[in-house]
1. Filter region 265-299 down to residues that are within 15 Å of ASN239 (Cα to Cα) and aliphatic (A, V, I, L, M) and give me whichever is surrounded by the fewest Cβ atoms within 10 Å (Cβ to Cβ).
2. Given the criterion modelled with pLDDT of 90 or more and not assigned by TED's automatic domain parsing to the domain that holds ILE261, identify the matching residue among VAL185, VAL149, VAL96.
3. State yes or no: is LEU120 within 24 Å of PHE5 (Cα to Cα), out of contact with any Cys (no Cβ under 6 Å at 6 or more places or on another chain), touching a residue at least 60 places away in the same chain (Cβ under 8 Å) and not assigned by TED's automatic domain parsing to the domain that holds TYR274?
4. So the check is Cβ under 6 Å with 6+ separation or different chains; which pairs have a first residue in region 306-334 that's surrounded by fewer than 18 Cβ atoms within 10 Å (Cβ to Cβ) and a second one that's in a strand (DSSP E or B)?
5. Going through ASN399, ASN394 one at a time, which residue ends up being touching a residue at least 40 places away in the same chain (Cβ under 8 Å), within 22 Å of GLY329 (Cα to Cα), buried (at least 24 other Cβ atoms within 10 Å of the Cβ) and among the polar types (S, T, N, Q)?
6. Quick test of your reading of the structure: THR235 fulfils all but one of (1) closer than 17 Å to CYS409 by Cα; (2) free of Cβ contacts under 8 Å to residues at least 60 places away in the same chain; (3) of a type in the set (S, T, N, Q). Name the failing condition by number.
7. Considering only residues that are surrounded by 15 or more Cβ atoms within 10 Å (Cβ to Cβ) and charged (D, E, K, R), look in region 171-194 and name the one that is nearest to SER226 (Cα to Cα).
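The values are calculated or read from the model by the stated rules, or taken from the named source; none is laboratory data. Everything quoted here is computed from the prediction, not taken from an experiment. In this analysis, Cβ positions are derived from the backbone assuming ideal geometry, glycine residues included, and neighbour counts consider all displayed protein chains.
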Amino acid sequence: MQTQFSKEQYQRPEIQQADEILRKCVHCGFCTATCPTFVITGDERDSPRGRIWMMRDMLESDAPASQETSFHLDRCLTCLSCMTTCPSGVDYMHLVEIGRDYIHKTTKRPIIDRIFRHMLVLVLPRAGWFSLAMKTAKLATPFKAFLPVSIKALINSVPKKIKKLDPVGSQDIIYKAEGQTKKQVILLAGCAQRAIEPEINAATIRILNRIGVDVIVRKQAACCGSLAHHIDRPTEAQNSIKNVVQAWSQEIIENKIDAIIVNTSGCGTMLKDYAHLLKQDPELSDVAARISQLACDVTEFLANNPSLSFSRNVDLMVGYHSACSLQHGQQITQAPLMLLAKAGVQVALPKDPHLCCGSAGVYSILQPELSGQLKERKITTLNKLDVDLFVAGNIGCINQLSESKAPICHIVQLLDYLSGGPIPQSIEMLPAIQAAQ
């Protein structure tokens, strides 16, 4: 793609980066076939190729972003399926970040939109506040027909059963390995996941302790910053990122850590980008780069650990949903399947596994119509599988797909059970599980 940036524009680092990315695009259109929003709308402006054209024109103009460009960039899930498909290696992830940052700097959203986004960034990254907000939303359910679309979408996203807040992440603690310590890792406790499904962190810690791994959790390292990063709240995003880096800096500087474990794949994609996001920070750039090197999904870590064994033999057919942030954002596709095979269960994959389920952080709240169509499409493909349960590696997907015909849980919960842990509540009534007891 040709670009026409002026010499003055090219002095800005973000324009230099955008120019380098834009020039790799050859307009081939391969990305359109795998873009979830284009598959739904058929609108070129809702495809990566169309958005790239709009971002180029916007950045070259040096004028405030148009309403049209802002509208269609907002509709992007940032699922990164286009990057998996692209034969030219276009770095769409960082280009869309530049585009959204430009929109944030040159335009102002309507006041109601700004207030709502501020509310999301204020509440969701704080597990305790989010848990309270979900309980409040439950009380508002009978009145949701009279509420704005965004509030209605927020209420619809609340799980049917609100569980007790996950204590993991409420204090600085080291969960010691069973027997001899072979490795030491940091676990990102997370934020929204602690309120929605408290058993995921517990299962992660149990399975890691079982194979001789000490697990460090730091209270200050709560939200990874991805939520704010993707909805035009750069200051809050930077604050969250810096909190995480500072919380882990001592262990990392002292070289005490073998890995940083993440069990929410959206957060894992974010951590692996810290080196880029903090590259200009003179104090934190080195530690941030090391975090990006050490960060790994829990399945990525377990698949490379020969100590992991499975003590329970249960006849299960498992449907695997691959989260976009795992398969596209981190390019991890085989590790979960290898672990399930090693655990002795059969695995089935749905049609079009590369297409997003529509969760995408808070996309389901900010873009409920498109998210709802993607959710319906994904659940339809999942329900065609003859399986006992579904597993996924991201809490957003798990919550989004909770209405599928078979129960769903995090893959680490199933692996923990099959290696000696307790039965996950969501699947405890399955006949195969009951028969194995």
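1. Looking at residues that are within 15 Å of ASN239 (Cα to Cα) and aliphatic (A, V, I, L, M), I get LEU284.
2. VAL96
3. The answer is no for LEU120.
4. MET317/GLN346
5. Just one listed residue meets the conditions, ASN394.
6. The number of the failed condition is (1).
7. The qualifying residue nearest to SER226 (Cα to Cα) is ARG194.
Each row is one residue, and each column tells you yes or no for (1) in the same structural domain as CYS35 (by TED's automatic domain parsing); (2) at pLDDT below 95; (3) more than 28 Å from HIS229 (Cβ to Cβ); (4) among the β-branched types (Val, Ile, Thr).
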| residue | (1), (2), (3), (4) |
| --- | --- |
| ASP315 | no, yes, yes, no |
| LEU326 | no, no, no, no |
| LEU337 | no, no, yes, no |
| ALA348 | no, no, yes, no |
| CYS356 | no, no, no, no |
